[in-house]
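To keep things clear, I will list the structure first and then write my remarks on it.
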Amino acid sequence: MTAAVAMMAAIAAMTGLSQFHRAALGVVAPDLSADLALSPAVLGAANGMFFAALLVAQVPVGIALDRAGPRRTVGALTGIAVLGAACQAFATDGTTLLAARFLVGLGSAASFMAAVVLCARWYSGAAMTLALSRVFALSQLGILLAGAPLAALAGLVGWRGALGASALLTAACGMVWWRLVRDDPPDRPPPPRKAETLREALVGQVSIWRLPGLPRVLSMHLVAYAAAATVLGLWAGPYLADVHGLDAAGRGWVLAAMGVAMPAGLLAVGPLERRFAPRRRIVTAGALLSAAMLGGLAAWPGAPLGGAVLLLVLLVLFSAYPVLVVAEARSLFPDHLVGRGATTVNLAQVLGSALLPMLVGAVVGLFPEVGAARPEAAYRAGFGVLGMALLAGVVGWLALPRGAAR
């Protein structure tokens, strides 16, 4: 195994683990809610706490990636993720679950941005975009693991046992990361990196915010990933249970199908960009198609199970375009600020991923339960809110000024 292949395997494992933790509540949400007496708003907040932790950690993580390097930064944070994953299994109420989810998010805060930094250091130009798309595609295995396999494990040992097992998985991925990842390619010496004072590091962070074209990227990145992640990671499970009566195994298979759709889309966006259309047009088309799927879920009363599943799967398939938003952002900032630039852009993604699940939870919670289940109208309203948020991101993407690529 070459050093590059080994590193890519470790990156895929760690980013896949982050995806798993983001989506892990979806398939066990109904049972977890019943045992801990969670309202829809609290359930949405539990998932949102993961992204809230990512949000507050992004600035220090960006500085750490540039100063300490991805290997040490992710290695240190993985210990926190192990603790949080274990605490989830012992949650006794909404408060302890929120705290555990925050720890898991904090421990996962550097995973995806470390992948961006490492791909930028090991590759350049189109090769970097290709490497990123492959990493993000492979990371979707974490979504698959959080579907049918997690549901099957929860059926055997309960949701507590299943979430407890995720702590062991996290520790194993951390060991793989530490053994296989190197911050720079072995075939060339590391480039000189000037030691920075804390003040200089913060000045570099401020310079990122002043880059022309950044508001346009942030407006799209705020909702591009978050809209699909809110459905896949949290609300698809309760929707399928309450509206279509699926048990944990049935929900797991649908979530698995949605999880397969994402890497399929990710592997397609690179060839699409090279052969058929500019990056900006693909982003616009993907966002509009995703909004259309959400609109279909919102506007179709009494949708049959097959139609609903088709719309859910297509939503995820069309939501692969955020990797192109990341590539667009990377063209805006200089090499010595790649860590801070990547995490700054990621701030928008994690902010949206923290707020949208809570927003949908608040909307769904406005509708009283009927026979211990939320009515279809509650979920249709939630899907409609997500669709409108995505359309607002498209407006910013199209209307705000573009920056000059470096």
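See the values below:
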item: Sites Arg210 and Leu130, calculated FRET efficiency, Cβ-Cβ separation with R0 41 Å, nearest 0.05; result: 0.85
item: Mean Cβ count within 10 Å, highest first, over the residues of peptides 249-258, 311-320; result: 311-320, 249-258
item: Residue-span extension gain [Asp187 to Ala171] - 0.36 nm each, minus C-alpha spacing; result: 2.8 nm
item: Inter-part distance where the stretch 9-82 and the stretch 356-406 are each reduced to a Cα centre, Å; result: 21
item: Label-point separation in nm, Arg72 to Ala37, each point 7 Å along Cα→Cβ; result: 4.8
item: Sorted peptide list for 172-180, 344-352, 264-272, 229-237, criterion being average Cβ within 10 angstrom, highest first; result: 229-237, 344-352, 264-272, 172-180
item: Residue order for Tyr225, Tyr321 - accessible surface, 1.4 angstrom probe, largest first; result: Tyr225, Tyr321
item: Computed E for Arg179/Ala268 - FRET, C-beta separation, R0 25 angstrom, nearest 0.05; result: 0.20
item: Listed residues Ser219, Ala342, Gly259: farthest to the positive end of the dipole of the chain (Cβ charges); result: Ala342
item: Extreme residue, positive dipole direction of the stretch 59-142, given options Gly69, Gly84, Ala109 (C-beta unit charges); result: Gly69
item: Backbone N under 17 Å from the Leu156 label point (7 Å along Cα→Cβ), restricted to the stretch 237-253; result: 248-250, 252-253
item: Under the Karplus curve 6.51 cos²θ - 1.76 cosθ + 1.60, θ = phi - 60°, whole-Hz ³J(HN,Hα) for the stretch 345-355, x wherever Gly or Pro sits; result: 5, 5, 4, 5, 4, 6, 5, x, 6, 7, 7
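The values are calculated or read from the model by the stated rules, or taken from the named source; none is laboratory data. Remember, it's a predicted structure, so these values are computed and weren't measured experimentally. Heads up, the Cβs are rebuilt from the backbone with ideal geometry, glycines too, and the neighbour counts pull from every protein chain shown. When the accessible area is computed, the model is the full protein with side chains, heavy atoms only, and any ligands, DNA or RNA have been set aside. Shrake-Rupley method; radii C 1.70, N 1.55, O 1.52, S 1.80 Å.
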